[in-house]
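The values are calculated or read from the model by the stated rules, or taken from the named source; none is laboratory data. Source: prediction; values computed, not measured. Positions of Cβ are generated from backbone atoms using ideal geometry, with glycine treated the same way; all protein chains shown enter the neighbour counts. Please note that ligands, DNA and RNA were not included when accessible areas were found on the heavy atoms of the full protein model with its side chains. Shrake-Rupley method; radii C 1.70, N 1.55, O 1.52, S 1.80 Å.
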Amino acid sequence: MPGDRWLPINYETSEGIVFRKLVSFGDHWQIYDSGRGARVLVCEKMIGERWISEGFLDESALTSFSFGQNNFFAIESGQNQQLAAVTEFITPETKADAAAFAVSLRHTRQIDHEVSLHDAIFVERFSRLLPTWTVSEKISDDHVLGRWLTGGVSVSTSSFRRISNLLGWLKKDEVLDVIALGGLPLPDGGVRTEGNTRSKEAQQNKDAETRKSKTDSATILKEPSSNSPSEFKLSGRPFLEDFFNEHVVDIILHEDRYRALGVDFPSAVVLHGPPGCGKTFAVDRLVEYLDWPVYHVDSNSVGSPYIHETSRKVAEIFETAIENAPAVIVIDEMESFLSDRQLHQSTGLHHVEEVAEFLRRIPEAISRRVLIIGMTNRLEMIDPAILRRGRFDHVIEVGMPTRSEVADLVSSLLEKMPVAGEVSVEKAISALTGRPLSDVAFSIREAGRLAARSGKDKLSQDALDQAIARLPNVSDEEKSRPIGFIWD
């Protein structure tokens, strides 16, 4: 199995390389902790020889060794140098860490302009991203760099406002520097070399534009670029797409017209439904379309065992969002913070205080141009005061995807992968209809892994059937849940 250790704990080669904890693995490689502030990559000779033959590494970079009847190559990192799978999403801590990955991306692209690097192995010692050639969904380099810098958030470096907001530990000029080091186009369309910096005058103009955008509502999505559609698109979710276009996007695009009739800003929205129904995916697409700063309220960002601490953190997030408006606040797992206060009378006043903080902040934030979107799997647990008009005006049920929605997702995933001619897309769609979209995406990725594991270079029908067969059973009740609206 791919996740089984190839080498026993504390195994040591004749060159003195030690293998301790297994930290990451793929079909043809594994990464171990060496126990001395470094990591070691072990790969099958097949993929190591391909790295050499295609110019990604010199032969001297690889150490050959055997264990039993198996022959391997090894690469050991230097102390305090990164050696990690790109999919580990290890968030950089300094600009130097971020720059090391970006430079490795650019150096790798100078060797091969086409190979996908979304599942590569980052070897800082050699400034390389070593491709693994898996049969899985590919993503562009701007998303590869965006995901690494943000620790796994699906964001492109071309969305400068969003990524600079996520990278609060870097100055905006430093974010631009890192993007340029990666050989990627700058978000504003300019060109920057490693030694160039933004002039003081240009930076002042940029700051002035930013300040103006906060006060001049007509500049925000008022005139979409010719490259962007004026309407928000959400493939496979026509009802949600129509809702967001009518109740959010159109109001933002035509603020003067709506304001004249007493509508200043879009009302808050709650999406509720079973896990895997696509709530998070829909919100992510909307945030990406708006390209506004986004702030998350969840157990990681505001949860605290200390009385009053959660309320304080909630207040800070709302104040920051208002300061950087227009912005978006996403409240995930609402039932964790906004459950009915009558259910918590025995736990003291701190939960009542937390709900009260939200009650105060939500109308204020909306009036200050902050779009608020909540998500929950347990709508019945939410405090009724939160769901009253004036706070969350729209409560939308998101059910399991229909056949057409599954078909859209399957088609979009398969078109990015090499697929054998005998694969029946209709058969896969029929088998996946009624399942969570997360199951649909997983089954396609798993089919690609199984195909690659069996030595194939295209996704096969057999691999697809095996992947779908491994999914858990779904009840008829779950399959029949539609998407709908409680309030319009």
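Observations on the structure shown:
- Residues in segment 1-16 that are over 23 Å from Lys456 (Cα atoms), of a type outside the set (Asp, Glu) and either at pLDDT 90 or above or touching a His at 6+ places or on another chain (Cβ under 9 Å) (or both): Arg5, Leu7, Pro8, Ile9, Asn10, Tyr11, Thr13.
- Only strands (runs of 3 or more DSSP E) whose full extent lies in segment 62-133 are considered here, and the ones with at least 2 residues that are of a type in the set (Phe, Trp, Tyr) are 63-67, 70-76.
- Close Cβ contacts (under 8 Å, 6 or more residues apart or on different chains) running from residues in segment 56-81 that are surrounded by 12 or more Cβ atoms within 10 Å (Cβ to Cβ) to residues that are basic (Lys, Arg) and in a strand (DSSP E or B) comprise Phe56/Arg128; Leu57/Arg128; Glu76/Arg39; Ser77/Arg39.
- Matching residues in segment 317-348 - criterion: being at pLDDT below 85, open to solvent by 70 Å² or more (accessible area, probe 1.4 Å) and part of a helix (DSSP H, G or I): Gln342, Leu343, Gln345, Ser346
- Test: Phe232 is farther than 30 Å from Phe442 by Cβ, touching a residue at least 24 places away in the same chain (Cβ under 8 Å) and touching a Lys or Arg at 6+ places or on another chain (Cβ under 8 Å): no
- Hits in segment 365-392 (condition: under 19 Å from Glu333 (Cβ atoms) and polar (S, T, N, Q)): Thr376, Asn377
- Residue in segment 404-412 that is of a type in the set (S, T, N, Q), in contact with a strand residue (DSSP E or B) (Cβ under 9 Å, 6 or more places away or on another chain) and not in a loop (DSSP other than H, G, I, E, B) present: no
- Selection count, segment 147-192, where residues are of a type in the set (Gly, Ala, Ser), touching a helix residue (DSSP H, G or I) at 6+ places or on another chain (Cβ under 6 Å) and touching a residue at least 12 places away in the same chain (Cβ under 8 Å): 4
- Odd one out for Ile386, checked against (1) at pLDDT below 85; (2) open to solvent by 10 Å² or more (accessible area, probe 1.4 Å): (2)
- Any pair with Cβ under 8 angstrom, 6 or more apart, that starts in segment 253-273 at a residue that is farther than 13 Å from Thr376 by Cβ and ends at one that is small (Gly, Ala, Ser) and modelled with pLDDT under 85: Leu253/Ser230; Glu255/Ser217; Glu255/Ala218; Asp256/Ala218
- Test result for Arg161, modelled with pLDDT under 85 and part of a helix (DSSP H, G or I): yes
- Looking only at segment 128-153, and only at residues there that are of a type in the set (Ser, Thr, Tyr) and modelled with pLDDT of 80 or more, the one that is surrounded by the most Cβ atoms within 10 Å (Cβ to Cβ): Thr132
- Restricting attention to segment 264-288, the residues that are within 21 Å of Pro436 (Cβ to Cβ) and assigned to a loop (DSSP other than H, G, I, E, B) total 6.
- Test for Val263: is it of a type in the set (Val, Ile, Thr), modelled with pLDDT of 80 or more and either under 27 Å from Arg237 (Cα atoms) or open to solvent by 10 Å² or more (accessible area, probe 1.4 Å) (or both): yes
- Pair list, Cβ < 6 Å and 6+ apart or interchain, from segment 367-391 residues that are in contact (Cβ under 8 Å) with a residue 40 or more places away in the chain to residues that are exposed (fewer than 14 other Cβ atoms within 10 Å of the Cβ) and in a loop (DSSP other than H, G, I, E, B): Asn377/Pro275
- Qualifying positions in segment 1-36 - hydroxyl-bearing (Ser, Thr, Tyr) and more than 17 Å from Ala120 (Cα to Cα): Tyr11, Thr13, Ser14, Ser34
- Index of the failed condition, Ser367 passing every other in (1) under 27 Å from Val287 (Cβ atoms); (2) of a type in the set (Ser, Thr, Tyr); (3) under 26 Å from the mean Cα position of the chain (by Cα): (3)
- Number of positions in segment 97-118 that are open to solvent by 20 Å² or more (accessible area, probe 1.4 Å) and of a type in the set (S, T, N, Q): 1
- Verdict on Thr94 being surrounded by fewer than 16 Cβ atoms within 10 Å (Cβ to Cβ), β-branched (Val, Ile, Thr) and over 17 Å from Ala61 (Cα atoms): yes
- Among the candidates Ser24, Ser34, residue that is farther than 30 Å from Asp173 by Cβ, at pLDDT below 95 and open to solvent by less than 10 Å² (accessible area, probe 1.4 Å): Ser34
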